[in-house]
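A.B. asks: First the structure, then my questions, so here it is.
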Amino acid sequence: MDLSHLLPQVIDIARSSGQVILDIYQRGQFEKQVKNDNTPVTSADLAAHKLVVQRLSELTPDIPVLSEEDADVPLTERAKWQRYWLVDPLDGTQEFIAGSGDFATIIALVDNNTPTMGVVYAPVSGVVYYAYNGKGAWKTTPEGETVRISTHKHELPTQSIAVAISRRQDISAITNRLDPALNYDLVPLGSAALKSCLVAEGAVDCYLRLGPTGEWDTAATQCIVEEAGGRILNTHLAPLSYNERDTLENPNFITLGDESLPWSSILTPDNRLMEISEQ
């Protein structure tokens, strides 16, 4: 079923969520808590969650909504869903708290375990990225200009590889996973979704994520990145899965722009994990 006609409404929902977040961000008055998984959640996360779930439920009453802030749904129930909305109301909560501005609302439509629609809205910059399977990936600027985006086709060894990285992660953990024989430009940013969108628009070549994320962190951007010509794979270069496991936690993953590069040699083994598995 082609639901691409819903894109304008979903973009509007993401923008409305972003405005709620931005209002709280600019006032600088919000409550902060720590969830059971030791990750932070703020009153902005919860306000955005409430808005997005309500608006999506009104838009498509027959399609369930799974949000990071209400994700305690067993696989026995989720497995019955042919399609569902998968949402991170505020991706980049730590950046929101730190005041960097690098956060976003992300909304995906997952159909038969495959992300088919993706919307990412960055409220501070006013940029929205979106895609629908088979219809390309697009970026709309704050001025309203919409352009089709595509990943960067790289030429080794004449060009260094631009790698998006987290501001909150030990850089050596990333560089230790990359072939030291090559040259890299490290580009720090906050939100996981925005880093993958940088890959989609060709601003960087890859984004390597080591550490916990949820399926809501990658579903929307997977659609955007793939429509732009890239891929999101785990660090063994196998596809990610959606709604097929008891856990909703992702493995380590890499968002890559030019699939023709020798990623199996660029991405070196995680020796620490290999040692653990051999014990």
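A.B. asks: Quote the relative contact order of the chain in percent (integer), defining contacts as alpha-carbon pairs under 8 Å separated by 6+ residues.
C.D. replies: Worked out over the chain, it gives 17 percent.
A.B. asks: Can I ask one more? Under a 10 Å cutoff between Cα atoms, tell me which one of 53, 199, 119 has the largest fluctuation in the Gaussian network model of the chain.
C.D. replies: In the Gaussian network model the winner is 53.
A.B. asks: Per residue, how much accessible surface does the chain expose to a 1.4 Å probe? Answer in Å², no decimals.
C.D. replies: On a per-residue basis, 45 Å².
A.B. asks: Once the Cα gyration tensor of segment 1-151 is found, what semi-axes does its equivalent ellipsoid get, as square roots of 5 times the eigenvalues, in whole Å, sorted largest first?
C.D. replies: 24, 21, 12
A.B. asks: Also: Considering every pair of different Cα atoms, what Kirkwood radius, in Å, is found for segment 126-197?
C.D. replies: So the Kirkwood estimate lands at 14.6 Å.
A.B. asks: What helices in the chain pass both tests, a Cα length along the helix axis of 15 Å or more and a mean Kyte hydropathy of 0.0 or higher, using whole DSSP H runs?
C.D. replies: Membrane-span-like by this rule: 7-27, 43-59.
A.B. asks: Tell me the Kirkwood hydrodynamic radius of the chain in angstroms, computed as one over the mean inverse distance between distinct C-alpha pairs.
C.D. replies: It works out to 19.0 Å.
A.B. asks: Given Cβ point charges of +1 (Lys, Arg) and -1 (Asp, Glu) and nothing else, what value in debye, to the nearest 20, does the dipole of the chain about its Cα centre take?
C.D. replies: Dipole of the chain, to the nearest 20 debye: 300 debye.
A.B. asks: Using alpha carbons only, how many angstrom separate the centre of segment 66-95 from the centre of segment 160-178?
C.D. replies: Each part reduced to its Cα centre gives a spacing of 28 Å.
A.B. asks: Obtain the nm distance between the two label points defined at residue 35 and residue 148 by a simple spin-label model: each point lies 7 Å from its Cα along the Cα-to-C-beta direction.
C.D. replies: Result for the modelled spin labels: 3.7 nm.
A.B. asks: If you don't mind, there's one more thing I want to ask. Please compute the modelled spin-label separation between residue 168 and residue 70, points set 7 Å along Cα→Cβ, answer in nm with one decimal.
C.D. replies: 2.4
A.B. asks: Mean-square fluctuation check for the chain, GNM, Cα pairs under 10 Å: which of 18, 230, 126 is largest?
C.D. replies: Of the options given, 126 has the highest mean-square fluctuation.
A.B. asks: Right, something else. Need the full-extension length gain, residue 26 to residue 156, defined as separation in residues times 0.36 nm minus the C-alpha distance. One decimal, nm.
C.D. replies: Net length gain for the segment: 42.5 nm.
A.B. asks: Hey, any idea what % of segment 131-279's accessible area is carbon plus sulfur with a 1.4 Å probe?
C.D. replies: Roughly 49 percent, rounded to a whole number.
The values are calculated or read from the model by the stated rules, or taken from the named source; none is laboratory data. Everything quoted here is computed from the prediction, not taken from an experiment. Reconstructed Cβ throughout: ideal geometry from the backbone, glycine too, with neighbour counts over all protein chains shown. What goes into the accessible areas is simple: the full protein's heavy atoms, side chains included, and nothing from ligands, DNA or RNA. Shrake-Rupley method; radii C 1.70, N 1.55, O 1.52, S 1.80 Å.
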